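Inspection log for the structure reproduced underneath, given as structure tokens.
The numbers here are math on the coordinates, done by the rules we state, and not lab data. Nothing here was measured: the structure is a model prediction, and the numbers come from that model. Virtual Cβ from ideal backbone geometry, glycine too; neighbours counted across all protein chains shown.
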Amino acid sequence: MIDTDEKHHVVTIEINGVRQTASVEARKLLVHLLRDDLGLTGTHVGCDTSQCGACTVDIDGKAVKSCTVLAVMADGSRVTTIEGLSPTATTASHRVQKAWQAEDVPQCGYCQSGQIMAAAALLTKTADPSDEQIDQAMTNICRCGTYQRIRAAVHRAAKEA
Ligand code: FES
Ligand code: FES
């Protein structure tokens with residue numbers, strides 16, 4: 001039997017600009033640390049097969065499905081969730097969020113925080129992506145089929161950089 005000390009690890013992760021230290025079970029997924037322990041419920045869980053992308057966050061500049069990462073693997077990383085995309089709650093939204101509003105992208109909305117995080121990461125690497133580059137980089141599933149509006153919003157955000 002594994003004792004408690006061996007089952008838990010202390011991790012320190014910068015989340016939305018704030019250093020957070022937590023004792024986590026070795027098997028805890030990053031998405032559960034974010035949602036269940038830290039209350040960052042803008043990161044969603046949309047599947048149990050690591051396919052949908054609703055749980056996408058930014059880890060050290062890359063869009064990553066947070067259900068595919070153990071919390072211990074994120075130790076020492078810098079993580080941004082949808083709640084941290086704009087500098088503060090009182091400042092204007094991030095340009096990607098504004099573009100999403102302007103293009104009226106969401107339908108049910110469930111996938112959209114992950115879509116926005118994926119788009120923001122794409123635009124930091126590719127300033128003006130083509131439709132093909134958007135489709136290749138953004139593999140998140142939208143069950144409501146908002147893909148055309150997502151493309152339009154990414155183009156709008158690119159123009160407003
Ligand atoms: S919850 Fe579906 S990919 Fe993470
Ligand atoms: S807006 Fe409903 S799943 Fe994407």
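Maximal additional length on extending the residue 27-residue 68 stretch stands at 13.6 nm, based on 0.36 nm per residue less the C-alpha distance. Helical content of the chain, expressed as a calculated mean residue ellipticity at 222 nm, amounts to -8000 deg cm²/dmol (DSSP H runs of 4 or more residues, -39,500 (n - 2.57) each, divided by residue number, nearest 500). Note on residue 135 and residue 156: the model spin-label points, each 7 Å out from Cα along the C-beta direction, lie 2.2 nm apart. Once C-alpha pairs closer than 8 Å and six or more residues apart are averaged by separation and normalised to the residue number of the chain, the relative contact order reads 24 percent.
Placing a pseudo-label 7 Å from each Cα along the Cα-to-Cβ vector at residue 143 and residue 126 gives an inter-label distance of 2.8 nm.
Could you sort the peptides 33-46, 127-140, 54-67 by per-residue average Cβ neighbour count (10 Å cutoff), highest mean leading?
Ranked by mean Cβ neighbours within 10 Å, highest first: 54-67, 33-46, 127-140.
Give the relative contact order (percent, whole number) for region 8-84; include only Cα pairs under 8 Å separated by 6+ residues. Please report the intermediate quantities before stating the final value.
On the way: 149 pairs, mean separation 31.2, N = 77.
Normalised by residue count, the contact order of region 8-84 is 41 percent.
Scattering from region 1-152 was approximated by placing one identical point on each alpha carbon and applying the Debye formula without solvent; log10 I(q)/I(0) at 0.15 1/Å stands at -0.76. Among 148-158, 6-16, sorting by the average number of other beta carbon atoms lying within 10 angstrom of each residue, highest first, gives 148-158, 6-16. Computed from backbone phi with θ = phi - 60° and the Karplus coefficients 6.51, -1.76 and 1.60, the 3J(HN,Hα) list for region 66-73 is 6, 7, 9, 10, 6, 4, 5, 6 Hz; x is used for glycine and proline. Bridgeable lysines around residue 28 (alpha carbons under 24 Å apart, same-chain partners fewer than 8 residues away excluded): 7, 62, 65.
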